[in-house]
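Report on the following structure.
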Amino acid sequence: MADENKNEDVDLLIDTHQNNVRILTLNRPKKRNALATSLLENIAKALEEADGDDKINAIIITGGSKIFAAGADIHEMAPKGAPEGLSDPRPALWGKIRSIRKPIIAAVEGWCLGAGNELLLCCDIAIASAEAKFGQPETNLGIIPGAGGSATLMRIIGRGRAMKMVLTGEPISAHEALSYGLVAQVEEVGTVFEAAKEVAEKISSRAPLAMQQAKAVIKAGFETPHSAHLTYERQAFSLLFGTSDKKEGVDAFLEKRKPIWSGS
Ligand code: CO8
């Protein structure tokens with residue numbers, strides 16, 4: 001598991017798995033991986049580093065074997081008023097997290113709440129344990145989600161379901177999350193990280209530029225009218241025709257061999 005031999009002095013563990021996969025493990029178990037601003041900063045920085053590293057093709061974010069994340073750090077929020085809210089550095093950090101080009105896989109065991117669920121919404125594929133629970137409980141605190149837990153969530157799971165999650169603050173089960181399209185895969189408890197590694201390795205073994213363009217095109221659907229989205233898809237498709245990896249992929253198929261991707 002990614003949380004073996006955890007050093008509790010650092011709030012984010014960063015490992016590189018052999019198959020060009022970067023693994024980020026949230027590491028504040030005593031605070032249920034609450035996303036303090038410093039942790040969010042470290043996540044954004046680690047993601048940007050992975051995005052700029054030619055040897056990394058896919059990224060896993062996990063909270064380890066017990067919890068994904070319990071949301072923003074409520075202790076940190078407690079003394080803050082509207083002026084601090086308006087000068088909050090976190091929206092910029094969320095912007096960085098959303099702008100990562102490489103595919104990100106979330107591996108979720110246990111609770112995934114509030115800003116934890118918003119972090120999941122920034123990932124491209126979520127894999128959850130059968131006992132994971134997902135929620136936007138901010139209204140219990142007299143606030144609302146502030147980083148996509150209503151705006152992005154409704155685009156993914158639909159208006160009625162997002163309304164119910166946000167207005168009641170009640171968590172949903174992993175199987176509900178699967179049927180809502182919030183997660184892509186549900187696995188047995190304790191096996192999620194291995195399943196995420198398998199998916200990340202599969203992505204990592206494929207043409208890197210195609211992976212990044214596919215991510216960009218699918219994500220663009222959130223904000224683009226369908227006709228413009230189709231045009232963007234077509235342009236990305238045409239651009240990939242100019243890559244060495246397109247030539248290699250087609251040659252390898254015709255020569256009945258495995259392609260060797262160069263990422264160019
Ligand atoms: N923030 C800070 N500390 C936390 C948090 C949190 N979100 N969640 C748990 N902790 C701490 C507790 O205070 C406790 O600390 P201590 O031992 O020092 O008293 C420790 O973690 C253990 O907590 P519990 O005893 O409650 O642990 P359980 O395993 O019994 O329960 C739960 C786990 C279910 C996750 C429970 O802790 C819980 O409900 N937590 C709060 C969940 C929540 O309300 N999340 C929403 C937070 S608000 C938010 O995310 C807004 C995002 C806006 C982003 C805006 C960006 C611009």
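Computed values, structure above
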quantity: Test result for Phe237, open to solvent by 30 Å² or more (accessible area, probe 1.4 Å), under 28 Å from Ala126 (Cβ atoms) and among the hydrophobic types (A, V, I, L, M, F, W, C); calculated: yes
quantity: Strands (runs of 3 or more DSSP E) wholly inside the range 44-135 that include at least 1 residues being within 11 Å of the ligand (Cβ to nearest atom) and over 25 Å from His17 (Cβ atoms); calculated: 111-113, 133-135
quantity: Residue check, Gln185 more than 30 Å from Thr139 (Cβ to Cβ) and of a type in the set (S, T, N, Q); calculated: no
quantity: Failed item in (1) open to solvent by 80 Å² or more (accessible area, probe 1.4 Å); (2) closer than 17 Å to Ser205 by Cβ, with Glu223 passing the rest; calculated: (2)
quantity: Pick from the range 110-161, criterion free of Cβ contacts under 8 Å to residues at least 60 places away in the same chain and charged (D, E, K, R), ranking: least open to solvent (accessible area, probe 1.4 Å); calculated: Glu118
quantity: Where Ser179 falls short, out of the listed (1) surrounded by fewer than 16 Cβ atoms within 10 Å (Cβ to Cβ); (2) assigned to a loop (DSSP other than H, G, I, E, B); calculated: (2)
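The values are calculated or read from the model by the stated rules, or taken from the named source; none is laboratory data. Because the structure is a prediction, the values reported are computed rather than measured. Virtual Cβ from ideal backbone geometry, glycine too; neighbours counted across all protein chains shown. For the accessible areas, the whole protein counts, side chains as well, though only heavy atoms, and no ligand, DNA or RNA atoms are used. Shrake-Rupley method; radii C 1.70, N 1.55, O 1.52, S 1.80 Å.
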